[in-house]
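**Student:** Structure below; questions to follow.
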Amino acid sequence: MITVQQTARPTGFPSPEHFTFVEAPEPAPGPGTALVENLYWSVDPYHREMMDGDFELNAPLEGRALGRVVASLDPGLSEGDLVFHRQGWRTHSLVTLGTNGSRKIKPYDGVSLSAYLSILGGTGLTAYVALTRTVQLKPGDDLFVSAAAGGVGTAVARIARLLGAGRIVGSAGSAAKVAHLTEHLGFDAAFDYHDGTVRELLAKAAPEGIDVYVDNVGGDHLEGAIASLRDRGRIAWVGAVAQYNTAEAPAAPRNLFAVVEKSLRLEGVLVRNYTDVQSEFEDFLVPHLQSGHIAPDVTVVEGFERIVEAFLGMLRGENLGKMLVKA
Ligand code: NAP
């Protein structure tokens, strides 16, 4: 088997030199574990944060993955079962059901494997809980989402539409992404955040204001959203990707006191606190996936040997939808 290991701590943007591929003997499952051959890997922004200290150097990295059981001494798993687990960034993993979030995947007819690591996985669940639990989206609410063309961003837009959102506005990092949002993903308006200040660009894209903001970016995006939110608006703060590759503290938001002046509500979202919502979420979304009304938005990079390239590409914004790697 092959594992990926981090070899040094990056300052700023990481590069391929911070990683190495290491061959190791294929592990044999012991009592209570199963050997899983991985089929798909998720590369996620939180990995960049972990690279600053949480990941041990020169040890196999971990990450979300989907694989098939090839040998099992775990009574809950049989050969051929599909498993979601967090021992990714390696070709094979030893998995114990129920440990560290690992769970057997219930394969639904007509749902592609990539869905289980994107719209139907942690990415979609993050969007679903942000909308239904944190901001409690009501039909007709006007919504803004940042990093709108990414995994969580596209899932937010699709789920918000199903929940009856009013206008949906998004920001993204290129003109091509902006066109994709409005032409293919049903956004009412979108802007490239490089074209001016988010505050001005959002005010133009949502001249009547917004009720809800799902924040994937932080900093100037949060400041712009606070400025555009109507009284009693709600913010689900999901991530701060603008911050992950810099040691500098963000200057924005400089208008935080408007949270008081407008009686806004700002709440952080951590998907791992909502794993009990997964089955409700699947009941809600699977019929739409099966009918073809919704398709997973994914960019799939082929070949485990390209996982570092995919990860760095995602940080640079090369993905449309969730960035995945396929064996
Ligand atoms: P993603 O949005 O698919 O990929 C990251 C995107 O961030 C890139 O495509 C890029 O798109 C954008 N980006 C990179 N640098 C940026 C910058 N300086 N300013 C603005 N945008 C920038 O990733 P994801 O997995 O769906 O995650 C999105 C956010 O949700 C991240 O902040 C992540 O940490 C967070 N998250 C949180 C939870 C939770 O439980 N709280 C769970 C999942 C994800 P552009 O081309 O548009 O720049």
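**Student:** Is it fair to say VAL36 is buried (at least 21 other Cβ atoms within 10 Å of the Cβ) and not in a loop (DSSP other than H, G, I, E, B)?
**Tutor:** Here the answer is yes, as VAL36 does meet what is asked.
**Student:** Right, here's the next one. Check GLU56, GLU26, GLU49 and return the single one that is away from the ligand (no atom under 16 Å from the Cβ) and at pLDDT below 95.
**Tutor:** On the way: GLU56 fails: at pLDDT below 95; GLU49 fails: away from the ligand (no atom under 16 Å from the Cβ).
Just a single option satisfies the conditions, and that option is GLU26.
**Student:** Only one of (1) of a type outside the set (S, T, N, Q); (2) within 12 Å of the ligand (Cβ to nearest atom); (3) touching a residue at least 24 places away in the same chain (Cβ under 8 Å) is not met by LEU270, so which one is it?
**Tutor:** So the condition that LEU270 fails would be (3).
**Student:** Identify the residue in the stretch 283-303 that is surrounded by 18 or more Cβ atoms within 10 Å (Cβ to Cβ) and away from the ligand (no atom under 16 Å from the Cβ) and, among all such residues, is nearest to ALA172 (Cα to Cα).
**Tutor:** Once the filter is applied, the top-ranked residue is ILE294.
**Student:** Any idea how many residues of the stretch 163-173 are farther than 19 Å from VAL298 by Cα and either surrounded by 15 or more Cβ atoms within 10 Å (Cβ to Cβ) or outside the structural domain of VAL241 (by TED's automatic domain parsing) (or both)?
**Tutor:** First, the residues of the stretch 163-173 that are farther than 19 Å from VAL298 by Cα: 163-169.
Then keep just the ones that are either surrounded by 15 or more Cβ atoms within 10 Å (Cβ to Cβ) or outside the structural domain of VAL241 (by TED's automatic domain parsing) (or both); that gives 163, 165-169.
Going through the stretch 163-173 one residue at a time, the tally reaches 6.
**Student:** Right, another one. Could you tell me how many of the residues in the stretch 190-214 are in a strand (DSSP E or B) and either away from the ligand (no atom under 15 Å from the Cβ) or among the hydroxyl-bearing types (Ser, Thr, Tyr) (or both)?
**Tutor:** Total satisfying the criteria: 4.
**Student:** I've got another one for you. Tally time: how many residues in the stretch 174-196 are surrounded by fewer than 18 Cβ atoms within 10 Å (Cβ to Cβ) and either in contact (Cβ under 8 Å) with a residue 40 or more places away in the chain or not assigned by TED's automatic domain parsing to the domain that holds ASP215 (or both)?
**Tutor:** Here the count works out to 1.
**Student:** To continue, here is another question. What pairs come out if I take residues in the stretch 251-265 that are of a type in the set (Ser, Thr, Tyr) and pair them with residues that are surrounded by 13 or more Cβ atoms within 10 Å (Cβ to Cβ) whose C-beta lies under 9 Å away, six or more apart or interchain?
**Tutor:** Listed by first residue and then by second, the contacts come to SER263/GLY233.
**Student:** What do you reckon, is LEU57 over 20 Å from VAL300 (Cα atoms) and among the hydrophobic types (A, V, I, L, M, F, W, C)?
**Tutor:** For LEU57, the condition - over 20 Å from VAL300 (Cα atoms) and among the hydrophobic types (A, V, I, L, M, F, W, C) - is met.
**Student:** Still on this structure: Would you list the helices (runs of 4 or more DSSP H) that sit entirely within the stretch 224-327 and hold 2 or more residues that are out of contact with any Asp or Glu (no Cβ under 7 Å at 6 or more places or on another chain) and of a type in the set (S, T, N, Q)?
**Tutor:** Answer list for the stretch 224-327: 278-290.
The values are calculated or read from the model by the stated rules, or taken from the named source; none is laboratory data. Note that the coordinates shown come from a computational prediction; the quantities given were computed from them, not determined experimentally. Don't worry about glycine lacking a Cβ; one is built from the backbone with ideal geometry, like all the others, and counts go over all protein chains shown.
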